[in-house]
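Input: a single structure, listed below in structure tokens.
The values are calculated or read from the model by the stated rules, or taken from the named source; none is laboratory data. None of these values were measured; they are calculated from a predicted model. Cβ sites come from the backbone with ideal geometry, for glycine too, and all protein chains shown count toward neighbours.
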Protein chains: 2
Amino acid sequence: MISWKNFDQLDAYGKLDALKGRVRLQTAMAGEAGAERVAKYSVPMACGYSYNFAAKEVDDEILAALAQLADEAQLTEKYAALYNGEMINTGEKRLVLHQLCRGQLGEDVVADGVNKRDFYVGEQKKAADFANRVHAGEITNAAGEKFTTVVQIGIGGSDLGPRAMYLALENWARQNGTLKMEARFISNVDPDDAAAVLKTVDIPHSLFIVVSKSGTTLETLTNETFVRNALKDAGVDPSKHMLAVTSETSPLASSTDYLAAFFMDDYIGGRYSASSCVGGVVLSLAFGPEVFARFLDGAAKADLTAKNRDIMKNPAMLDALIGVYERNFLGYPSTAVLPYSQALSRFPAHLQQLDMESNGKSVNRFGEPVDYVTGPVIFGEPGTNGQHSFYQLLHQGKNIVPLQFVGFKNNQAGMDMDIQGSTSQKKLCANVVAQIMAFACGKQDENPNKNFEGGRPSSIIIGDQLTPEALGALLAHFENKVMFQGFVWNLNSFDQEGVQLGKVLAKRVLAHQTDGALKAFSDLFEI
Amino acid sequence: MISWKNFDQLDAYGKLDALKGRVRLQTAMAGEAGAERVAKYSVPMACGYSYNFAAKEVDDEILAALAQLADEAQLTEKYAALYNGEMINTGEKRLVLHQLCRGQLGEDVVADGVNKRDFYVGEQKKAADFANRVHAGEITNAAGEKFTTVVQIGIGGSDLGPRAMYLALENWARQNGTLKMEARFISNVDPDDAAAVLKTVDIPHSLFIVVSKSGTTLETLTNETFVRNALKDAGVDPSKHMLAVTSETSPLASSTDYLAAFFMDDYIGGRYSASSCVGGVVLSLAFGPEVFARFLDGAAKADLTAKNRDIMKNPAMLDALIGVYERNFLGYPSTAVLPYSQALSRFPAHLQQLDMESNGKSVNRFGEPVDYVTGPVIFGEPGTNGQHSFYQLLHQGKNIVPLQFVGFKNNQAGMDMDIQGSTSQKKLCANVVAQIMAFACGKQDENPNKNFEGGRPSSIIIGDQLTPEALGALLAHFENKVMFQGFVWNLNSFDQEGVQLGKVLAKRVLAHQTDGALKAFSDLFEI
């Protein structure tokens, strides 16, 4: 029997509060004891990753309290309830089924008279078929020529996840001969966004995917019309170049304006939709359906790992719990995500949405205000770039920012060379290793300006290579981490009421139904 | 006579602390009083911008205390000392002269026997001359063909600023017929970064700029060798395709490996170098020297405005002071930068370095620990994209994040259309206006999940169009804001000792001179 309790009603809350601050990284990570922590505080992940948390401010006693928290908060049971089809998104009265796109984790989920796993798999097959026919030259433009480019039109979850995933695999696919089509993305309602993309793509050889679950997203519909007009201007019939990814009940679903339509449903939130058709159509077109299937397979493996009740065998849950400990007891308000992989250049932007939109909330799942802090601010850039940018503050600033590193032993493109005794890849890995230790242990210097206090916690996810499977597993790890944190905080991580008010006011501005400061600002912009 | 005092030694410190929390935005911004604030709390900026801070938690009394702070902290005098050539970067014993690239703000600055303004202008002329000859086809590849692409190899300030500026003007230049060459950027030591860029540029028609002040930056030298080898493999003589931007004393300066070398010096820090040759060479090649000159002109105008002693006529100083008030008295640990302009997609990443590397410090300019918080965490993405991502937390999260909006009345590309009664540009502007008010006033709802508390402060910089001048002024605004905040906090905003320890440890890892946890992590990566 699941009981949804606020975090501060659990016994573990007081226990963790009493334990806070007992680990001093500067000593814990020094010498051979530090090496022992590195060996001991490592948890295997799906797809050959390991999650190493040696440089986090935890010890066995804190881990025991976190394990108690996991039990008390019924994290495993709540995850099972979710994938077995209970109505976890209570605010919107919806199931939460993104994991079903990737595998059957529990019981069959039947909703609206349909087996949902079958539905998602069916849409994947439709997308795969379509992509194969495009690649084979069976679906072409009016001149019978092959399509070379695919442009995704979407915003938020219809943009950030698919874009981050595309960038993550573009080089890998190029290297492995599976880059079938280049992908581009239009998201912003700023007309300069669509204009820039349209000026640099070959319109007669491009497919455009309009992605909107509701079929009513202002930015996306505006950009669709923008693109549609550009196609007409280029002498191209839009209905032969445009696809829709939407829900079956949306106005886009049955329109003859599209060459094809692929379906998602209300049980997959935008920020969790990269493994649905929202990511599937564009990624299958770009890389081929086999690559997308491998991506789903990696995610499914991580979803399975997340079922484990033992936190030392469940890296997503452990990562979530340590994050909660840092946020609620150590008082750190933000977290930096720092992938040492250029391919993951937009992965932090995706995680920013995933995390901040899911858990940036002040009321629990029953709408009652909570008395503890919830989701942190998330930001990040790839290393080593960040080292030459904001790491100064991370090392010597007044506030501590917990760090989430990601690194791979091997690069994707297979182009590397030995320069001054080491390859670029070795230099990259040496840097992330060095940073973990610099942050943890610091370094005393008699010049206070060159003094490093240390005591700055980090974890690292270490992988072999960023393949499609590895990317899927990495994505699912973070989705599951955010889900577990939402369970601990007793939030509904699957709605986003905070985005509504701005939409309402923007409509009012455009309708000139304004007064007071809203009118004054509108006048400044000459709206 | 300038005196460098800690912030908490100033009378204004206690005064501001006593005033904190007296402005409640929900009421201050409501009704006609709100409209009056919008009219009153607006300061003109260079190049036609205005800085509007109506939705900040300030009133006349707080502004008076901030003006007192500006006086007590001698912000105007310190700025004058800086541009007149005093040694402001005390840690590294260097002058701070980036403003001299843009104009003569005060006395002639002579250092190392050279008039520095003449030196910077001389290098600008060299770069302009070189760019003009490339564009005219006087400098070509070995086959006598014109160069079409320029690739900048640099990291940190040699990458983020120039890249953000290039992206900011690429569409504008395309629209105005001044996109002379496309620019690309290689920064990360991850070999996949260089590999990706090299696979998509036309090497025989590309120029490569190696940017490193010291000529010793590990990432940049590694990438240079990487590129050099790729050029040789492509049958191209690297010395006919590579340029250097460096200091006159660096190993790169006199090498015959380069087609040309352009010089900067130690008086311009990396994160302040976009208006030096670090930005100048690539931007002059990409857009033509006239466009770069217009960019400098806009920055010079903002630098002049920053001289004003009256904070109501000095937007950079006012912006700085309000930020200090929010950080030190209202206790907000981060700030989001939210440009409603797709062209500014990487501007937040540049500001992240500029701000966090400058003021993310714990000791004052004399190396003494300070007892107050300093620079905040900076993050951001363009609107409207952010609205569909992390704005949920900004609206309804447990912690308040101050917001810095930027918006323009007109787009760059001139491609816009009326869709459902309004253009995309109007929709974009309506959204930012709506957000300001939603954040400030919130909205009561009986469903607590749909309730918006409000009280979330923001400012907005409103411009006409993002032209080269406007971009320069915007950049200089933020450079000067960060400088003024550093003065208030009594920091040296111009060194970055916090980046050193990681470099030292990375070298140790590569030399296999490790033990303890450093060795254990190195082993995990098989280094």
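Worth a mention:
- Screening the candidates B:14, B:31, B:85, B:21 for the property of being more than 14 Å from chain A (Cβ to nearest Cβ) and free of Cβ contacts under 8 Å to residues at least 24 places away in the same chain yields one hit, B:14.
- Positions within the range B:285-295 being touching an Asp or Glu at 6+ places or on another chain (Cβ under 9 Å) and buried (at least 24 other Cβ atoms within 10 Å of the Cβ), in sequence order: B:286, B:287, B:295
- Looking only at the range A:35-51, residues that are without any contact (Cβ under 8 Å) to a residue 40 or more places away in the chain and out of contact with any Ser or Thr (no Cβ under 7 Å at 6 or more places or on another chain) come to 7 in all.
- Index of the failed condition, residue A:405 passing every other in (1) under 18 Å from the mean Cα position of the chain (by Cα); (2) surrounded by 24 or more Cβ atoms within 10 Å (Cβ to Cβ): (2)
- Looking only at residues of the range A:64-84 that are surrounded by 20 or more Cβ atoms within 10 Å (Cβ to Cβ) and more than 22 Å from the chain's Cα centre (by Cα), we find that the one that is nearest to residue B:525 (Cα to Cα) is A:66.
- Per-region count, the range B:134-193, residues in a strand (DSSP E or B) and of a type outside the set (Ser, Thr, Tyr): 9
- Filtered residue count, the range B:202-218, keeping only those that are in contact with a Lys or Arg (Cβ under 8 Å, 6 or more places away or on another chain) and either surrounded by fewer than 19 Cβ atoms within 10 Å (Cβ to Cβ) or closer than 21 Å to residue A:344 by Cα (or both): 1
- Of everything in the range B:378-410 that is over 17 Å from residue A:506 (Cβ atoms), touching a helix residue (DSSP H, G or I) at 6+ places or on another chain (Cβ under 6 Å) and in a loop (DSSP other than H, G, I, E, B), the residue that is nearest to the other protein chains (Cβ to nearest Cβ) is B:390.
- Residues in the range A:237-269 that are within 14 Å of another protein chain (Cβ to nearest Cβ) and in contact with a strand residue (DSSP E or B) (Cβ under 9 Å, 6 or more places away or on another chain): A:269 alone.
- Within the option set B:365, B:327, B:309, being in contact with a Leu (Cβ under 8 Å, 6 or more places away or on another chain) and either within 25 Å of residue B:72 (Cβ to Cβ) or modelled with pLDDT under 95 (or both) holds for one residue only, B:365.
- Taking residues in the range B:429-452 that are buried (at least 24 other Cβ atoms within 10 Å of the Cβ), and partners anywhere that are of a type in the set (D, E, K, R) and in a loop (DSSP other than H, G, I, E, B), the pairs with Cβ atoms closer than 8 Å and at least 6 places apart or on different chains are B:429/B:409; B:439/B:456; B:440/B:456.
- Matching residues in the range A:451-472 - criterion: being in contact with a strand residue (DSSP E or B) (Cβ under 8 Å, 6 or more places away or on another chain) and outside any loop (DSSP other than H, G, I, E, B): A:452, A:458, A:459, A:460, A:461, A:462, A:463, A:470
- Those residues of the range A:438-472 which are under 11 Å from residue A:395 (Cα atoms) and within 9 Å of chain B (Cβ to nearest Cβ), in sequence order: A:438, A:439, A:440, A:441, A:442, A:443, A:450, A:451, A:452, A:453
- Single residue of the range A:353-367 satisfying the filter (surrounded by 24 or more Cβ atoms within 10 Å (Cβ to Cβ) and touching a strand residue (DSSP E or B) at 6+ places or on another chain (Cβ under 7 Å)) that is farthest from the other protein chains (Cβ to nearest Cβ): A:355
- Verdict on residue B:103 being within 19 Å of the chain's Cα centre (by Cα), in contact (Cβ under 8 Å) with a residue 60 or more places away in the chain and surrounded by fewer than 21 Cβ atoms within 10 Å (Cβ to Cβ): yes
- Of the helices (runs of 4 or more DSSP H) lying entirely inside the range A:16-72, those containing at least 2 residues that are among the acidic types (Asp, Glu) are A:31-40, A:60-72.
- Candidates are the residues of the range A:355-389 that are in contact with a Ser or Thr (Cβ under 9 Å, 6 or more places away or on another chain) and of a type in the set (A, V, I, L, M, F, W, C); the one that is nearest to residue A:90 (Cα to Cα) is A:366.
- Test: residue in the range B:488-495 that is in contact with an Asp or Glu (Cβ under 8 Å, 6 or more places away or on another chain) and in contact (Cβ under 8 Å) with a residue 24 or more places away in the chain: yes
- In the range B:75-120, the residues that are out of contact with any Leu (no Cβ under 9 Å at 6 or more places or on another chain), part of a helix (DSSP H, G or I) and not polar (S, T, N, Q): B:77, B:78, B:81, B:98, B:100, B:118
- Subset of the range B:46-62 (residues that are buried (at least 20 other Cβ atoms within 10 Å of the Cβ) and touching a Leu at 6+ places or on another chain (Cβ under 9 Å)): B:46, B:47, B:49, B:51, B:52, B:53, B:55, B:56, B:57, B:58, B:62
- Index of the failed condition, residue B:375 passing every other in (1) assigned to a loop (DSSP other than H, G, I, E, B); (2) more than 7 Å from chain A (Cβ to nearest Cβ): (2)
- The single residue among B:518, B:475 that is out of contact with any Ser or Thr (no Cβ under 8 Å at 6 or more places or on another chain) and crowded, with 23+ Cβ neighbours inside 10 Å turns out to be B:518.
- Any hit, the range A:145-163, residues being in contact with a Pro (Cβ under 9 Å, 6 or more places away or on another chain), closer than 23 Å to residue A:214 by Cα and within 14 Å of chain B (Cβ to nearest Cβ): yes
- Of all residues making up the range B:500-515, the number that are in a helix (DSSP H, G or I) and surrounded by fewer than 20 Cβ atoms within 10 Å (Cβ to Cβ): 5
- Here residue A:439 clears all of (1) assigned to a helix (DSSP H, G or I); (2) over 28 Å from residue A:28 (Cα atoms) except the condition numbered (2).
Conditions tested, residue by residue: (1) among the aliphatic types (A, V, I, L, M); (2) without any contact (Cβ under 8 Å) to a residue 40 or more places away in the chain.
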{"site": "A:92", "(1), (2)": "no, no"}
{"site": "A:116", "(1), (2)": "no, no"}
{"site": "A:120", "(1), (2)": "no, no"}
{"site": "A:125", "(1), (2)": "no, yes"}
{"site": "A:140", "(1), (2)": "no, yes"}
{"site": "A:155", "(1), (2)": "yes, no"}
{"site": "A:168", "(1), (2)": "yes, no"}
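- Residue check for residue B:250: closer than 24 Å to residue B:128 by Cα, out of contact with any Lys or Arg (no Cβ under 6 Å at 6 or more places or on another chain), crowded, with 17+ Cβ neighbours inside 10 Å and modelled with pLDDT under 95: yes
- Unique residue being more than 14 Å from chain B (Cβ to nearest Cβ) and among the polar types (S, T, N, Q) when the list is A:76, A:90: A:76
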